[in-house]
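Below is one structure, written out as structure tokens; comments come after it.
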Amino acid sequence: MFVDSKTVLDRLRHSVIAVPPLARDASLALVGAENRRLVADLAAGGVTTLLYGGNANLYHLGLDEYPALLDLLAATADGDTWMIPSIGPDYGRMIAQARVLAERDFPTAMVLPQSFPATQAGIETGIRHAQATFGRPLIAYVKSDGYLSPAALARLVDEGAVFAVKYAVVRDTPEEDVYLTALIDALGAERVISGIGERPVIAHWQTFGVRAFTSGGVCVAPTLSNRIRQALQQGDIEKAQILREHFLALEDQRDAISPIRVMHDAVTLSGAADMGPMLPLLSGLDEHETRRVGPAVRTLREAELAARRERRASG
């Protein structure tokens, strides 16, 4: 499948980009029915682009299960839903998975970041090799300043190896970000995806001109997250800020405990779908953590269901 980069970039701005967990049963096998429930719940809130990466715990996915994952994603997507898988993070898996993807009908894939052992020059070469194997431009995932320089990413974009960057470096003050400024100077804001959920998205939109964002919380409240996107597109920053408040209690728990682990169990606690256990080497929340996270999930989900009732009532 070939989809030109401009078309893909436009599509990434068309929806909040959900980064969902993956449902598994007690034997750790993928559960198609529950994954489809989550995709349908997201679609009910207007979210039609899904990126499977960190929250799906693909860092620990075995090569033998990768074709089954791709089959599941392809079977779950309908005509309006885009599924984007990830590859990596290590070089061996990156290339092996790119070979599998080359035979499948996915428009792009994201490269999971490898922090150790790795060098910037080695990462750049690895992404270049992965794109050559896959045959389509990739999304680079930047989670730290030292992962890849803006100049390296610009080279990969110029060569056609990368078409977009998911930017997820956490800042205490997201409006002040020297690396993001340099990245946008090198690539243009249209190629940068705000990759840390609802908390920094308004700053990234206003200060840096970024027009696409990913979210984990959207898996609990897709209608509300999508309304943030719509408010930003309409220039209603105050409304976006009010809507964002719904997500912050859950985001606080994700920051305090674990973004991936909290998001996995939050979907189950919300009732959107049953995610089951986590694939090791990660594990689900313990009893104490669940008591901490539960109220934030329930409050967010109640606000989501109220927004859906309001939408139905208004026709």
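The values are calculated or read from the model by the stated rules, or taken from the named source; none is laboratory data. On a predicted model such as this, the values are computed, not experimentally measured, just so you know. Reconstructed Cβ throughout: ideal geometry from the backbone, glycine too, with neighbour counts over all protein chains shown.
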For Thr173, the lone unmet condition from (1) without any contact (Cβ under 8 Å) to a residue 40 or more places away in the chain; (2) assigned to a helix (DSSP H, G or I) is (2)
In the stretch 1-26, what residues are at pLDDT below 95 and either of a type in the set (Asp, Glu) or not in a helix (DSSP H, G or I) (or both)?
Met1, Phe2, Val3, Asp4, Asp10, Ser15
Tell me, yes or no, whether the stretch 298-315 has at least one residue that is at pLDDT below 95, outside any helix (DSSP H, G or I) and surrounded by fewer than 19 Cβ atoms within 10 Å (Cβ to Cβ).
yes
Take the stretch 176-196 and flag every residue that is in a helix (DSSP H, G or I) and without any contact (Cβ under 8 Å) to a residue 40 or more places away in the chain.
Val178, Tyr179, Leu180, Thr181, Ala182, Ile184, Asp185, Ala186, Leu187, Ala189
Just wondering, is there one or more residues in the stretch 270-292 that are of a type in the set (D, E, K, R), outside any helix (DSSP H, G or I) and over 20 Å from Ala43 (Cβ atoms)?
yes
Is the stretch 231-247 home to any residue that is under 24 Å from Leu112 (Cα atoms), free of Cβ contacts under 8 Å to residues at least 24 places away in the same chain and either in a helix (DSSP H, G or I) or not acidic (Asp, Glu) (or both)?
no
Residues that are of a type in the set (Asp, Glu) and modelled with pLDDT of 95 or more: list the helices (runs of 4 or more DSSP H) wholly contained in the stretch 27-116 that include at least 1 such residues.
32-44, 66-76
So which residues in the stretch 150-170 are of a type in the set (Gly, Ala, Ser), in contact with a Leu (Cβ under 9 Å, 6 or more places away or on another chain) and not in a strand (DSSP E or B)?
Ala154, Ala161
I'd like to know if the stretch 111-127 contains one or more residues that are farther than 24 Å from Gln230 by Cα, of a type outside the set (A, V, I, L, M) and in contact with a strand residue (DSSP E or B) (Cβ under 9 Å, 6 or more places away or on another chain).
yes
How many residues are in contact with a Lys or Arg (Cβ under 9 Å, 6 or more places away or on another chain) and not β-branched (Val, Ile, Thr) when one looks only at the stretch 94-111?
6
Give all pairs with beta carbons closer than 6 Å in which a residue from the stretch 268-284 that is at pLDDT 95 or above meets a residue that is of a type in the set (Val, Ile, Thr); count only pairs at least 6 apart in sequence or on separate chains.
Leu269/Val297; Ser270/Val220; Ser270/Val297; Ala273/Val267; Asp274/Thr268; Met275/Val267; Met275/Thr268
